[in-house]
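Notes to accompany the following structure.
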Amino acid sequence: MSENAPLLPSSADSPPLAGQQRKRPARTILVVLALIGACIFVGIKGENGLLPKNPMKRAQYFLSNSPVIDGHVDLPELARVMYGNNVDEFNLRKKTVGHVDIPRMKRGHMGGMFFSVYVDCVEDGPDFLLPTNRVRDTLEQIDVAKLIMERYSDVFEYCESATEVRDAIYGGKVAGLLGVEGAHQLGNSLGVLRQYHALGVRYMTLTHSCNNAFADSAGIFEPVEPAHGGLSSFGKDLIYEMNRVGILVDISHVADTTALQALELTRSPVILSHSDARHFNNISRNVPDEVLRKIGSGKGKNDGVVMVNFYPAFLLPRGQKADVKTVADHIEYIASISGKAHVGIGSDYDGVETVPEGLEDVSKYPELFAELIRRGGWSQKDLAGLAGENLLRVLEGAERVAFDMKKEGKQPSMAVYDKRTDLGNGGEY
Ligand SMILES: *[C@@H]1O[C@H](CO)[C@@H](O)[C@H](O)[C@H]1NC(C)=O
Ligand SMILES: [Zn+2]
């Protein structure tokens, strides 16, 4: 019962008259019965009947039941860039220089997050064959994410499945999952993808801001010159293998051509781990309506989830100030096309240099929920979906497809990047 429910009447200020004294037990029973009846009536009338009226209090109440699972947090990148991945050098129990620490996570009702294990994508060379340290660096980012979860194991619980996430949240923990932010981190190898899965990676963005051997990128503010016209044939093999092992296909950052082809090809629901609507800001990095229309419930649609990015430079054209209302506008717009069951939150915290007014860090998620409650039309179930349930449904969908494909006897892909000359070349051994 909420704080708005009527309180039982106190009898302390009733005058002690003999006649009334005798009647009081019967009258009290009647009053109590009437109150119980009113409570039941209000309860039946609607789920909102017993909830706090104040939007912020209501948001806090909803989030205490269904906390936020953020689809994209760059804490490992902050650890790498600021502290050389030395977890002795920073303390998440105190306010950090970034947007994420334990006290603020608690205040913001954070129930889980994908740790982005990102390394950058510059200098690929022709045919994306220039040797790089990206696989090493990705392993280091996976390592630092796990070191953080281990160091603060009273707070975090490392998870590899939707069930584990639910159990972690039920146990009062913050579920931690791993997401790779670009197929450039694979070293052009599906074997590496399989091993990332074995290490716990549960989503991979098909590209970052550069094209790679698998797919074309959106670039950021301007499109990049396409290399494949969407997915390469090796990129199609990649989608199959991601579906088969159970790594979510993330189409944030990709060219529209890549997104549309991936949606055609994937058996699993997709995610956009941190993307905004192009409707409000016509930049290539944002999602066009054409892609949003392919995501939703029902026949011919991908059951995926579009998780809204808080980065002001994506939310609005240059020079315009973004705030909580701007993020709510994006969520409502995406929901108007894809449906409320297909929105989520992918803040990009710790990965961006500016943040919207009122959404400065992980402690502020309730502000966004309060804004949507103020606007109306968002049920408790809708908001639980936005907070994390939609993402968990999609993760379960990908788990189911992986299970089915194995049951059908689908074999690991033996596809090799055709520009590589170092494999199977018959040389000395
Ligand atoms: C958005 O930008 C693209 C590329 O710069 C341009 O072709 C298109 O006309 C723009 N759309 C709108 C609605 O301004
Ligand atoms: Zn990103």
Subject >> the chain: translational diffusion in µm²/s, Stokes-Einstein, Kirkwood Rh over Cα pairs, 20 °C, 1.002 mPa s >> reply: 93
**OP:** Within the stretch 393-429, find all residues whose amide N lies under 20 Å from a label point positioned 7 Å from the Cα of Ser233 along Cα-to-beta-carbon.
**Re:** 411-425
**OP:** Starting from the Cα of Arg375, step 7 Å along the direction of its Cβ; do the same at Val416; then give the gap between the two resulting points in nm.
**Re:** 5.2
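Where nothing but the Cβ of Lys and Arg (+1) and of Asp and Glu (-1) is charged, how large is the charge dipole of the stretch 61-219 around its Cα centre, in debye to the nearest 20?
Working: 15 positive and 21 negative charges, 133 e Å.
Its charge dipole is roughly 640 debye.
Let me have the 222 nm mean residue ellipticity of the chain computed from DSSP H runs of 4+ only, each contributing -39500 (n - 2.57), with the sum over all residues rounded to the nearest 500.
Details: 15 runs with 170 residues, N = 429.
Rounded to the nearest 500, it is -12000 deg cm²/dmol.
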Original post:
So how much slack lies between Asp120 and Lys301, counting 0.36 nm per residue of separation and subtracting their Cα-Cα distance, in nm?
Top reply: 62.0 nm
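We did not get these values from a lab; they are worked out from the coordinates using the rules stated. Keep in mind that what you see is a predicted model, and the values were worked out from it rather than measured. Methodologically, a virtual Cβ is constructed for each residue, glycine included, from the backbone with ideal geometry; neighbour enumeration extends over all protein chains shown.
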